[in-house]
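Reading through the structure tokens given below for one structure.
Each value in this text was obtained by applying a stated rule to the coordinates, not by laboratory testing. Predicted model, so just to flag it, every value in this text is computed and none were measured. A quick note on method: Cβ atoms are made from the backbone with ideal geometry, for glycine too, and the neighbour counts reach across all protein chains shown.
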Amino acid sequence: MLPLVIWTVALLAAAFWIFQFTQLMVLSDYDFPGRYDKALWVAAFIFANVLAAAAFWFWKQLMQSVRQEQQRGGGTRGGKPDG
């Protein structure tokens, strides 16, 4: 029974890694704040495997919320309007 659980967790982790790596490769270079950020994420995916995939998922969620806030709020800084 235990080997079945281990294999199931391993397959789910591999599927998550593949899905997140695909998401990374689909993103344009302009979606990243730094010049070499995409290359650094690829290196992290290769060396840190599932941990990098989880970190990328969190980073992607954070970037989406920041972009949504920028679109909604326009130019707010620290909760106060500019100007």
### Query
Using alpha carbon coordinates only, what is the Rg to Rh ratio of segment 2-72, with Rh defined as the Kirkwood radius?
1.08
### Sequence ranges 39-48, 52-61, 22-31, ranked by mean other-Cβ count within 10 angstrom, highest first
52-61, 39-48, 22-31
### Query
How large is the helix-only mean residue ellipticity at 222 nm for the chain, computed as the sum of -39500 (n - 2.57) over DSSP H runs with n ≥ 4, divided by its residue count, in deg cm²/dmol to the nearest 500?
-25500 deg cm²/dmol
### Query
What is the calculated FRET efficiency for Ile6 to Ala48, with r their C-beta to C-beta distance and R₀ = 25 Å, to the nearest 0.05?
0.80
### Task
Please name whichever of Gly34, Ile6, Ala48 sits farthest to the positive end of the charge dipole of the chain, dipole taken about the Cα centre and charges placed at Cβ: Lys and Arg +1, Asp and Glu -1.
Gly34
## Note on the structure
Here the relative contact order (percent) of the chain, from C-alpha pairs under 8 Å and at least 6 apart, is 24 percent
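Which helices of the chain meet both criteria: a Cα extent of 18 Å or more along the helical axis and a mean Kyte-Doolittle score no lower than 0.0, with helices taken as whole DSSP H segments?
Counting only whole DSSP H runs, the qualifying helices are 2-26.
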